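> After the structure tokens below, expect a handful of questions from me.
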Amino acid sequence: MSKGTTILSDLRCFFSENETNRAINAIMSVMECINIRPKQIGAGKKENCKFTNVQVLNLLMLFPFFVVRNAYQYSGSSLSRLFSCEKDMFYRFINDGNVKWRKLLYAMNLQLLRKISRSSETQNDRPVCLIIDDTDAPKSGRKCELIGKVFSHIEHKTILGYKCLTLLYTDGLSQLMLDFSLHGEEGLVKHNATLKCSYCTIDVKFAGTTVRLFFSKRGRNGQWNGLLTTDLSLSFLKAYRTYATRWTTEVAYRDMKVLLNRK
């Protein structure tokens, strides 16, 4: 790669000297319309790195088109023969906390939308929609921040990872992921150290009235016991202690039967 050139210009030059095809031209024309400002992705160039941050991002965006699944596989790909570098350069960039990934994704998609609207030759009568949905993001790698267990509706069990909430734009022909965020799930089953039991709380409608259901059990193999109340201000511990006062009626029953010889 020569000074004063970009990743895309060098790539276009290489393919112009060799067998050019429509696919490469389409990829280049789309990527060249995306203007990434250096301040959106931090410093222009890292120490001991021959590529700027913009160039590293361009290489990452080219991964799918050259069948490069991740940075680890880059050294064995055809793309590395054009732009020689080590995988650590990509890892450092991906882990850079100064990169505002969500803002960067949104800005890039806005530019793509403008290009799509200008290049569209026919009027599309399909409705334009924004779709909010979530998907599983299972744990990958050795270290993850704030990771927890989430329920997977695909595997029908809890997995270690995150829930990825996405905002998708679609006009029936094109789909663009405008935004995303990673979330954990607060577990339904909690532990009460005072009573040494596991419990969960659920508010439901019953006969037109909102009631609160408490389910609790002791031990891994214990049976679940249910408790229903119409007082939605009660916590599990207070509801349990209130219900525990019922035991006095059992004591009264036994005393009465003993006195009346009805035991």
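> Need pairs with beta-carbon distance below 9 Å; first residue within 13 Å of Lys190 (Cα to Cα) and within the stretch 205-226, second open to solvent by 100 Å² or more (accessible area, probe 1.4 Å) and in a strand (DSSP E or B); sequence gap 6+ or separate chains.
Going by the 9 Å Cβ cut-off, there are no qualifying pairs.
> Taking the stretch 176-201 on its own, how many of its residues are surrounded by 11 or more Cβ atoms within 10 Å (Cβ to Cβ) and not in a loop (DSSP other than H, G, I, E, B)?
Matching residues across the stretch 176-201 total 15.
> Report, ordered by the first and then the second residue, all pairs with beta carbons closer than 7 Å, sequence separation of six or more or different chains, a first member in the stretch 84-101 that is over 9 Å from Ala71 (Cβ atoms), and a second member that is in a loop (DSSP other than H, G, I, E, B).
Correct list of pairs: Cys85/Phe51; Arg92/Lys46; Asp96/Gly42; Asn98/Gly42; Val99/Gly42.
> So, one more: Looking only at the stretch 102-116, count how many residues are at pLDDT below 85 and either closer than 20 Å to Lys50 by Cβ or open to solvent by 80 Å² or more (accessible area, probe 1.4 Å) (or both).
Residues that pass the stated criteria total 1.
> Looking at (1) of a type outside the set (Gly, Ala, Ser); (2) open to solvent by 70 Å² or more (accessible area, probe 1.4 Å); (3) part of a loop (DSSP other than H, G, I, E, B), which is the one condition that is false for Leu234?
Going through the list (1) of a type outside the set (Gly, Ala, Ser); (2) open to solvent by 70 Å² or more (accessible area, probe 1.4 Å); (3) part of a loop (DSSP other than H, G, I, E, B), Leu234 breaks only (2).
> A further question on this structure: Going by what's in this entry, would Asn53 be described as modelled with pLDDT under 85, of a type outside the set (D, E, K, R) and either open to solvent by 60 Å² or more (accessible area, probe 1.4 Å) or under 22 Å from the mean Cα position of the chain (by Cα) (or both)? Working first, answer last.
Details: modelled with pLDDT under 85: yes; of a type outside the set (D, E, K, R): yes; either open to solvent by 60 Å² or more (accessible area, probe 1.4 Å) or under 22 Å from the mean Cα position of the chain (by Cα) (or both): no.
Against the criterion (modelled with pLDDT under 85, of a type outside the set (D, E, K, R) and either open to solvent by 60 Å² or more (accessible area, probe 1.4 Å) or under 22 Å from the mean Cα position of the chain (by Cα) (or both)), Asn53 does not qualify.
> Being in contact (Cβ under 8 Å) with a residue 60 or more places away in the chain, part of a strand (DSSP E or B) and either touching a strand residue (DSSP E or B) at 6+ places or on another chain (Cβ under 6 Å) or surrounded by 14 or more Cβ atoms within 10 Å (Cβ to Cβ) (or both), is that true of even one residue in the stretch 161-172?
Within the stretch 161-172, the first condition is being in contact (Cβ under 8 Å) with a residue 60 or more places away in the chain, and the residues that meet it are 169.
Going one step further and asking which of them are part of a strand (DSSP E or B), we end up with 169.
When the remaining residues are screened for being either touching a strand residue (DSSP E or B) at 6+ places or on another chain (Cβ under 6 Å) or surrounded by 14 or more Cβ atoms within 10 Å (Cβ to Cβ) (or both), the result is 169.
There is at least one residue in the stretch 161-172 that is in contact (Cβ under 8 Å) with a residue 60 or more places away in the chain, part of a strand (DSSP E or B) and either touching a strand residue (DSSP E or B) at 6+ places or on another chain (Cβ under 6 Å) or surrounded by 14 or more Cβ atoms within 10 Å (Cβ to Cβ) (or both).
> Scan the stretch 122-155 for residues that are closer than 17 Å to Gly172 by Cα and open to solvent by less than 70 Å² (accessible area, probe 1.4 Å) and jot them down.
Scanning the stretch 122-155 gives Asn124, Cys129.
The values are calculated or read from the model by the stated rules, or taken from the named source; none is laboratory data. Nothing here was measured: the structure is a model prediction, and the numbers come from that model. Here Cβ is always computed from backbone atoms with ideal geometry, including for glycine, and neighbour counts include all displayed protein chains. Note: areas computed on protein heavy atoms with side chains; ligands, DNA, RNA excluded. Shrake-Rupley method; radii C 1.70, N 1.55, O 1.52, S 1.80 Å.
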